[in-house]
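First the structure, in the form of structure tokens, and then the observations on it.
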Amino acid sequence: MRKFGFSFSWKRALGITGAKQRFTRKTGLPTSKQGVERKIGSSLLNLFLSGFWKK
């Protein structure tokens, strides 16, 4: 909740946000639910289309 132009994030203060960002950059695996769904959907679509075009 933001009040008077001040915001505080306990995850950022503990370094969780930075650790997740470093992990994602090194592995290429997203850490958010939306990112995981997008990555899986893209992979399945590519798999389907590559099999479809090879025939």
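The values are calculated or read from the model by the stated rules, or taken from the named source; none is laboratory data. Bear in mind the structure is a predicted one, so any value in this text is a computation, not a measurement. Heads up: the accessible areas ignore ligands, DNA and RNA and are worked out on the full protein's heavy atoms, side chains in. Shrake-Rupley method; radii C 1.70, N 1.55, O 1.52, S 1.80 Å.
Please compute the Kirkwood hydrodynamic radius of the chain from all pairs of different C-alpha atoms, in Å with one decimal.
On the way: mean 1/r = 0.0705 Å⁻¹.
Answer for the chain: a Kirkwood hydrodynamic radius of 14.2 Å.
Taking every DSSP helix (H) stretch of at least 4 residues in the chain, weighting each as -39,500 (n - 2.57) and dividing the sum by the residue count yields a mean residue ellipticity at 222 nm of -22500 deg cm²/dmol. In whole percent, and with a 1.4 Å probe on the protein chains, what portion of the accessible area of the chain is carbon and sulfur? Carbon with sulfur: 63 percent of the solvent-accessible area. Extension gain, F48 to L14: 0.36 nm times the residue separation minus the Cα-Cα distance gives 8.1 nm.
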